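To keep things clear, I will list the structure first and then write my remarks on it.
Derivation of every value follows stated rules applied to the coordinates shown; laboratory data play no part. Owing to the predicted nature of the structure, the values given are computational and were not obtained by experimental measurement. Cβ sites come from the backbone with ideal geometry, for glycine too, and all protein chains shown count toward neighbours.
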Amino acid sequence: MAHTIVLSESVFSRLAQEARRAKLSPNELAEKLLAERLAADRQDWQQRFEKLLGRVHMAMSQFNSDEIETDITAAAAEMKAERRAGRRSA
C-alpha cells in the first residue's frame, strides 16, 4: 500500500538531487533513507537497553542469588498464607 508524505520544495529539491547522484528515484531514495533512520533509532534503543541491563546486573551481582531465591520463596509462601486466611474469614 502506498502512502503520501508532503515535503517542502527545498527538501524535495535536495532529495531529487541526491537521488540523481545515486541513480534512484526520489521515492526510492526517500524510502531507503527513512528505513535506515528508523533502523538506526531501533539500534540506538537496543544499545541503551543493553547498557541498562548491564548496570542492573552489575548492581545485583553484590547479592547472593540463593538468598534472593530464599526471600522470593518466603514472600510467595507468606502471600499464599494471607490469601488462605482471607478466604477463611470471608
Task: Residues located in region 1-26, provided they are basic (Lys, Arg) and surrounded by 11 or more Cβ atoms within 10 Å (Cβ to Cβ) - done: 14, 20
Open item on the list: For region 57-77: of the residues being surrounded by fewer than 10 Cβ atoms within 10 Å (Cβ to Cβ) and in a helix (DSSP H, G or I), which is nearest to the chain's Cα centre (by Cα)?
Closed with: 57
Task: Set 38, 52, 15, 34: member being part of a helix (DSSP H, G or I) and touching a residue at least 12 places away in the same chain (Cβ under 8 Å) - done: 15
